[in-house]
1. Which number in (1) more than 12 Å from the chain's Cα centre (by Cα); (2) outside any helix (DSSP H, G or I) marks the one condition that residue A:164 misses?
2. Just to be sure before I move on: is residue A:59 more than 15 Å from the chain's Cα centre (by Cα), within 16 Å of the ligand (Cβ to nearest atom) and touching a residue at least 60 places away in the same chain (Cβ under 8 Å) in the structure I sent?
3. Take residue A:122 and tell me if it is at pLDDT below 95 and either surrounded by 20 or more Cβ atoms within 10 Å (Cβ to Cβ) or under 30 Å from residue A:194 (Cα atoms) (or both).
4. Given A:76, A:71, which one is at negative phi, surrounded by fewer than 21 Cβ atoms within 10 Å (Cβ to Cβ), away from the ligand (no atom under 16 Å from the Cβ) and within 20 Å of the chain's Cα centre (by Cα)?
5. Is at least one residue of the stretch B:144-154 more than 7 Å from chain A (Cβ to nearest Cβ), touching a helix residue (DSSP H, G or I) at 6+ places or on another chain (Cβ under 7 Å) and assigned to a loop (DSSP other than H, G, I, E, B)?
6. So which residues in the stretch A:202-221 are outside any loop (DSSP other than H, G, I, E, B) and surrounded by fewer than 24 Cβ atoms within 10 Å (Cβ to Cβ)?
7. From B:128, B:108, which residue is under 12 Å from residue B:48 (Cβ atoms) and either more than 18 Å from the chain's Cα centre (by Cα) or outside any helix (DSSP H, G or I) (or both)?
Ligand SMILES: [Zn+2]
């Protein structure tokens, strides 16, 4: 399916050795759910949502940025961060660095998270978007560091943070460094909260494991795309462990909404407007009073005391 | 004596049913312990226990994963795999610790967070994540000790602390060796090889700067439970005193900032120093600096 999405988008993050990748416009794209065929140009215009059944196809980071932010506003940061391979990991004769390099050539990113600044419906944001094609958007050191820098950029620039997450879980090749990124990224969000800046988390298909159990579910508003499969444990693991067949619709965005785990399910075409509206609502929050007397003033005269 | 063991040997020791579990540590180290129950939302999880008691002269809040010693106990304890209500009980007790300014001691020993249907319905991911952010910012000291199996996010959820200690035969892993072997070779029987390449032993994690101290097991813990527990208690007390000293001299803000700096610094990457703008223009020349984890403290005296 990914092969069908090779058109170079407007804000493509570039990678070394990246040459022309233009694609003929007459390529057919088949919906994986209902087999509906559409021209690649039409698919792009439909934001890769199937006009017949509404299936939301997975997007690359570049396509996601393209469909979410105001045209021409995305500026990428920290694209130069790459893997260091602390475990000197080799499995099946393939070294981690080689595997990552090959993923990089395929996706034109250096790791599974693309970060930068942009505006969404005129609201400036610090943005972090996963690239699922890069090793299943598993969270390793580069991912964690880039996300924390995006959070710090939000704090420094008084910007809202928008994260778009789709992930298979941990980066096995970095073992405990991968697990610890859950702690690192989530801890950074505490500072964003102290600065009274909003974190809006968009969960997209599929989102599992460490990402679901860390920064992506600690947000002021959690939004998901229709039909996205989201959970902590993967469906196959659950079936194996519990020896139960999973009920229809289990772990879908709609299921999570029903169980009170997310705020909204929003179709792709409406995302910029809805996220822009939320950012506008949250944007009026003033910067909190500084450290020592904050607790006292906060409880005494909140509104007055917080204005510097 | 246990120094020559390979990673898989240590996995076996970490999982040994006779190995002291959280309640064994609590019974021996925490006087007048009162177990507190329930998350006030849904239920009481038996795989993650918590309570309040006296640890060597000070009141502490204690949290721990609890495995059973036999099958019947393990069914009651869900094999030490907490459900969301376990993590939410932990969060409630962390808030209580902050309210009464009490240190938090945690004992880590779980194969994983529970992967069942109910846990998914009740937001397992969110329950873990809320603990991570709460513990990262909590304004009381915390010492986490991995006493057996440190199983992925299920372990991490009560391990965010000022110090992470590991028993010599404890392990701490991003995924179980069996799961890793299944992913890498589609064969869970390759778990011993996976255990080796994942670098999950206490010595590995100390080397990576993630664990602050390895508590020696000259004899495996299940063969000398009481001596092992006392040795762990001594290490916990020493680190707790050290952390309390930081608060006394530099204040709680410094402790919280130091804790954040510790986690902020974990990870290894290469920074080629380029910022790529939307039109593909590369600014800044690559400098290729490599970041390695640097710890604020070695954990020893
Ligand atoms: Zn369709």
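The values are calculated or read from the model by the stated rules, or taken from the named source; none is laboratory data. Predicted model only: the values in this text are computed from it and were never measured. Here the Cβ is made from the backbone with ideal geometry for all residues, glycine too, and neighbour counts use every protein chain on show.
1. Only one criterion in (1) more than 12 Å from the chain's Cα centre (by Cα); (2) outside any helix (DSSP H, G or I) is unmet by residue A:164, namely (1).
2. Numbers: more than 15 Å from the chain's Cα centre (by Cα): no; within 16 Å of the ligand (Cβ to nearest atom): yes; touching a residue at least 60 places away in the same chain (Cβ under 8 Å): yes.
Criteria not met by residue A:59.
3. Details: at pLDDT below 95: no; either surrounded by 20 or more Cβ atoms within 10 Å (Cβ to Cβ) or under 30 Å from residue A:194 (Cα atoms) (or both): yes.
No; evaluated as a whole, the condition is false for this residue.
4. Working: A:76 fails: surrounded by fewer than 21 Cβ atoms within 10 Å (Cβ to Cβ).
Of A:76, A:71, the one residue that is at negative phi, surrounded by fewer than 21 Cβ atoms within 10 Å (Cβ to Cβ), away from the ligand (no atom under 16 Å from the Cβ) and within 20 Å of the chain's Cα centre (by Cα) is A:71.
5. Among the residues of the stretch B:144-154, not one is more than 7 Å from chain A (Cβ to nearest Cβ), touching a helix residue (DSSP H, G or I) at 6+ places or on another chain (Cβ under 7 Å) and assigned to a loop (DSSP other than H, G, I, E, B), which makes the answer no.
6. The initial filter retains those residues of the stretch A:202-221 that are outside any loop (DSSP other than H, G, I, E, B), namely A:202-207, A:215-217, A:221.
Selection gives A:205, A:206, A:221.
7. Details: B:128 fails: either more than 18 Å from the chain's Cα centre (by Cα) or outside any helix (DSSP H, G or I) (or both).
Going through B:128, B:108 in turn, the sole match is B:108.
Let's see how each residue does on (1) without any contact (Cβ under 8 Å) to a residue 60 or more places away in the chain; (2) out of contact with any helix residue (DSSP H, G or I) (no Cβ under 6 Å at 6 or more places or on another chain):
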| site | (1), (2) |
| --- | --- |
| A:30 | yes, yes |
| A:35 | yes, yes |
| A:52 | yes, yes |
| A:63 | yes, yes |
| A:89 | no, no |
| A:103 | yes, no |
| A:108 | no, yes |
| A:117 | yes, yes |
| A:130 | no, no |
